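To start, the structure under review is shown below, and the notes come after it.
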Amino acid sequence: MTQPAPSAQHQGPGKGRADAPASPPSKKQGPGARVLGFRADVRNLSLLGVLVVLVAVGGITEPDAFLDTGNLQLILTQASVIGVVTVGVTFVIIGGGIDLSVGAMVALASVWATTLATQEYGFAGILFTAMIVGLAAGLVNGVLIAYGGLVPFIATLAMLASARGLALQITDGKTQIVTVRSVLDLGLPDSYVLGIPPLVLVFAAVTVAGWFLLNRTTFGRRTVAVGGNAEAARLAGIDVRRQRLYLYLLSGLCCGIAAFMLIVLSGSGQNTNGNLYELDAIAAAIIGGTLLSGGRGTIVGSVLGVLVFTTITNIFALNNLQSDVQQIAKGAIIVAAVLVQRRTLRGGDT
Amino acid sequence: MASEPPPLLTMSGITKSFPGVRALDGVDLQVQAGEVHCLLGQNGAGKSTLIKVLAGAHQPDGGSITWQGETVQLSSPITAMRLGIATIYQELDLVEGLSVAENVFLGHEPTSGGFVVRTREARTAAAALLERLGHPEIDPAREVGDLSAAHQQIVSMARALSHDVRLIVMDEPSAALDPDEVDNLFRIVDGLTSDGVAVVYISHRLEEIRRIGDRVTVLKDGRAVAVGLPAAATPTRDIVAMMTGRDVEYVFPPRPAADAPPNTAEPVLTVEGLCREGEFEAVDLELRPGEIVGLAGLVGSGRSEILETVYGARRPTAGRVSVGGTPLRPGSVRAAVAAGIGLAPEERKAQALLLTESVTRNVSLSTLSRFARGGWLDRGAERAAARRATRELSLRPDNPDAAVRTLSGGNQQKAVLARWLLRGCRVLLLDEPTRGVDVGARAELYAVIRRLADEGLAVLLVSSEVPEVLGLADRVLVLREGRVVHEAAAQELDEHRVLDLVMEGSPTS
């Protein structure tokens, strides 16, 4: 986890009694290094390395197209939507769950927020509706899992199917064009802040908030505890079920925000929005070092995972490689990343 | 405590049922401030359920609880903690991915505005608690998953003390500790009681209860059969008799008669110069058919690691393991099993058993191919063979369809042994064979192990309980810090001699 490095603690020779053989040699802090005063995981550093290599590859193969400002803005914007979803999913996975319904929730929120009735309420109406629909879907997931005792995989699989169905019912398969100017303007270069698209700023804000929530708050501690050892959390007086509910609410909220971002990007709401986001988000979290079994993971890792994925997709597109090749490459990258991580971890363990 | 002040805690007539089991059948417990109250009973007697009721983790079906003169409902763990009742569970209840300080204050972190954790404050406070517990060398920022079991125990204790406690329940706190750590634990307990904190202490080790206990409550089959006996004055045989209906703590089967001809059979297992860097060095050992050899040593002396290396689960850095004169491929469990080595691991629930599956399916797991006819399992033959093996070990209940989860610890261990018996192994490695097995069932397990040896099996035994190694084994190897420091016939050693050897020359600087 990215936490401040320990200030000089009692690292002395200890009492040097017979407990020496019982405790492993005083290895410092598992795999990690100090970067800018933060302890960064080796795996995050290596992901950063991968990203640098990718940028180099992009710059060499397509020097003009790749390093073009517009292209870099495009990469970041594309990463933003899936990135916000991934932050939510990362919390769910660290908390010992899984959310397969994120793509469907994005679709449902995006179409509900772009019906003619909703559009009458303008910018706020669209934003508010998207977030409420996301929260509501997350609430259903959370209640079913935390209080109904459903396995997360099953509950969110059911949500995946029914939210997509509902989205189709609302749109009748038609694209819902957005006519609210202030929403559409957000996607135009005129609204860029110092060259940074507003959606990227939203992504950055969600990332920072997610990092703070995970590393600096009781909510974050409880998430790790519930995912790492639910019984220990319960005996420590944590309301495990409520914490699980909160996690799915958070994931739903992130999907609502992502749905709004998608509306801005595409200028429309469609029931096919967010297709396969669940796979991309989960894959990014896993590549970023989040344990699928829960109890461990970082926001920084997940965000790097998203950036790596989006950059690869972009480079492939610039080199005219079709999406079938992209998909195969993505699968290979997931496997490679996890294999590398396992090796790094094993090296660090006793 | 001759003239008794009003008790700190009174539990009376507590009942609790789980589906199919009446775990507590009207238990009474009375604890005074500042005393060490020992709770004794075999596994399944209801100790764990009782302390979970006391911790607010289970709700009793009946009975009442009085705390400092007032009737209370311990409706959740938080309620119990707020009253000042803290519990240190036997199964370590820590979150491995969190740091020491985060674990200590889990659920009641120091915060700003109830939300943002004050990390530095938590670490300082955790450091102070660890200091008080005599372990200032544990870094509060370190991840708990990186700590040794003994240090994790200390963290659990720091967590209990992080509350404003009046009563601490310790469930077998010494089980994972070495002798000198136990001394440290007792110092901590003394410190607590002199501050007026009451300690409810659960242990299987009667000698510990003699040392620190004030009074003793004995549970049997969900009832308190004795309440508030003086710990020092009650004879051991009385206590054991109350727990078991027998009057001896360890009953070992007889060894081969002393005048019998010495065992001159060719060794079935030969270990030569076995090393694993940082764990153990130059271990030589020979095991003959019909012989039980014990490894004695502290936690961290390498005893379990040696066993796992012989089994191929760890790869040696040097040395050789041979069965019947043929060297095994190093670091291969398959090779070891094919050569006839079987392991009953320490964590039998996690490492050996499919808990929800039947006895038959657990026993036949290593021999499935024998019952396969062109890919189809001959389930009748499987069942019959498994049953023969379990009957030979008198596994109870004698029901091949019972889920292993429902068996007692001793019978679960028999299911593991039956698996290897069915496989026809020649060398059996036993890692803590009686951990979690109650006193009564131990004697039976010892008899089973001895019988297997008499039938020609070679047994290598690891146990943290020295009397067990001395009583069961024919020959004992004493380990210290990864080296064999002594080897002798078990009759030539006694517990003190072994403990001396084990501790001798411990680093003092």
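Sort B:403-414, B:270-281 by packing, meaning the average of other beta carbons within 10 Å per residue, with the highest value first.
Highest to lowest by the protection proxy: B:403-414, B:270-281.
Any idea which of B:ALA241, B:GLY191, A:ILE132 is furthest toward the positive side of the dipole for the protein assembly as shown, if Lys and Arg beta-carbons carry +1 and Asp and Glu beta-carbons -1?
Value: A:ILE132.
Separation of the stretch A:69-119 and the stretch B:132-189 by C-alpha centroid, Å?
45
Find the eigenvalues of the gyration tensor of the Cα atoms of the stretch B:364-444, then list the square roots of 5 times those eigenvalues as equivalent ellipsoid semi-axes, largest first, in whole angstrom.
Output for the stretch B:364-444: semi-axes of 24, 15, 10 Å.
If one computes the Cα centroid of the stretch A:124-148 and of the stretch B:24-95, what distance in Å separates the two points?
Going from one Cα centre to the other spans 40 Å.
For chain B, restrict the atom set to alpha-carbon positions and state the Rg and Dmax in Å.
Rg and Dmax of chain B, Cα atoms, are 24.4, 78 Å.
Relative contact order for the stretch A:106-239: what is it in percent, counting Cα pairs under 8 Å that are at least 6 residues apart?
19
Looking at the protein assembly as shown, send over the antiparallel percent of its DSSP beta bridges, to the nearest 5.
The antiparallel proportion sits near 60 percent.
Under a Cβ-only charge scheme (Lys and Arg +1, Asp and Glu -1), can you give me the dipole magnitude of the protein assembly as shown about the Cα centre, in debye to the nearest 20?
My answer is approximately 1600 debye.
If you average the sequence gap of Cα pairs under 8 Å that are 6 or more apart and divide by the length of chain A, what percent do you get for the contact order?
Computed value for chain A: 31 percent relative contact order.
Rounded to the nearest 0.05, what FRET efficiency do A:GLN327 and B:GLU455 give with R0 = 45 Å and r taken as the Cβ-Cβ distance? Could you check?
Once the sixth-power term is evaluated, E becomes 0.15.
With a 1.4 Å probe and all protein chains kept in place, how do B:ILE188, A:ILE334 rank by accessible area, largest first?
A:ILE334, B:ILE188
How long, wide and thick is the stretch B:277-325, going by the Cα atoms along their three principal axes, in whole angstroms, largest first?
Sorted from largest, the Cα extents of the stretch B:277-325 read 30, 22, 18 Å.
So, with +1 on the Cβ of K and R and -1 on the Cβ of D and E, and no other charges, what is the size of the charge dipole of the stretch B:180-296 about its Cα centre, to the nearest 20 debye?
Taking the Cα centre of the stretch B:180-296 as origin, the dipole is about 880 debye.
Using only DSSP helix segments of four residues or longer, with each worth -39500 (n - 2.57), what per-residue ellipticity at 222 nm results for chain A after dividing by its residue count and rounding to 500?
Per the formula, -22000 deg cm²/dmol.
I need the calculated FRET efficiency for the pair B:SER194 and B:ALA318, taking r as the beta carbon distance and R₀ as 60 Å, to the nearest 0.05.
0.70
What is the distance, in nm, between label points placed 7 Å from the Cα along the Cα-to-Cβ direction at B:ASP180 and at B:THR236?
2.5
Run a plain Debye calculation on the stretch B:425-500 (Cα atoms as equal point scatterers, no solvent) and give log10 I(q)/I(0) at q = 0.22 Å⁻¹, rounded to two decimals, same order as the q list.
Relative scattering, expressed as log10 I(q)/I(0), comes to -1.11.
To one decimal place, what Kirkwood hydrodynamic radius in Å is obtained for the stretch B:208-343 from all pairs of distinct Cα atoms?
18.7
What is the projected area of the convex hull of the Cα atoms of the stretch B:38-104, averaged over all directions, in nm²?
Mean shadow area of the hull around the Cα atoms is 6.0 nm².
Need one number: nm distance between label points at B:ASP221 and B:ARG205, each 7 Å from Cα along Cα→Cβ, rounded to one decimal.
Distance between the two pseudo-spin positions: 3.1 nm.
For helix B:149-161, what angle does its Cα long axis make with the longest principal axis of chain B, in degrees from 0 to 90 and rounded to 10?
Its long axis makes an angle of about 10 degrees.
For the stretch A:246-315 and the stretch B:447-496, what is the separation of their Cα centres, given in Å?
Taking the Cα centre of each part, the stretch A:246-315 and the stretch B:447-496 sit 57 Å apart.
Percent relative contact order of chain B, based on C-alpha pairs within less than 8 angstrom and at least six residues apart?
It rounds to 14 percent for chain B.
Using a Förster distance of 25 angstrom, determine the FRET efficiency expected from the C-beta separation of A:GLN169 and A:TYR121, and round it to 0.05.
Calculated transfer efficiency: 0.70.
Angle, helix B:409-423 long axis vs. longest principal axis of chain B, Cα atoms, 0 to 90°, nearest 10?
20
Counting only other chains, what is the mean number of Cβ atoms within 10 angstrom of the Cβ of each residue in peptide B:102-111?
Partner-chain Cβ atoms within 10 Å, mean over residues of B:102-111: 5.
Using only the Cα atoms, work out Rg/Rh for chain A, with Rh taken as the Kirkwood radius, to two decimals.
Here Rg/Rh amounts to 1.01.
Under unit Cβ charges (Lys, Arg +1; Asp, Glu -1), what dipole magnitude, rounded to 20 debye, does the stretch A:210-350 have relative to its Cα centre?
So the magnitude is around 540 debye.
For the protein assembly as shown, state the semi-axes of the equivalent ellipsoid (square roots of 5 times the eigenvalues of the alpha-carbon gyration tensor), sorted largest first and rounded to whole angstrom.
Over the Cα atoms of the protein assembly as shown, the semi-axes work out to 54, 34, 27 Å.
Please give, to one decimal in nm, the separation of the simple spin-label points placed at A:LEU67 and B:ARG379, each 7 Å out from Cα toward the Cβ.
6.9
Can you tell me the orientation of helix A:299-318 relative to chain A, as the angle in degrees between its alpha-carbon axis and the longest Cα principal axis, to the nearest 10?
50
The values are calculated or read from the model by the stated rules, or taken from the named source; none is laboratory data. Predicted model, so just to flag it, every value in this text is computed and none were measured. A quick note on method: Cβ atoms are made from the backbone with ideal geometry, for glycine too, and the neighbour counts reach across all protein chains shown. Side chains are part of the model used for accessible areas, which takes the heavy atoms of the whole protein and leaves out ligands, DNA and RNA. Shrake-Rupley method; radii C 1.70, N 1.55, O 1.52, S 1.80 Å.
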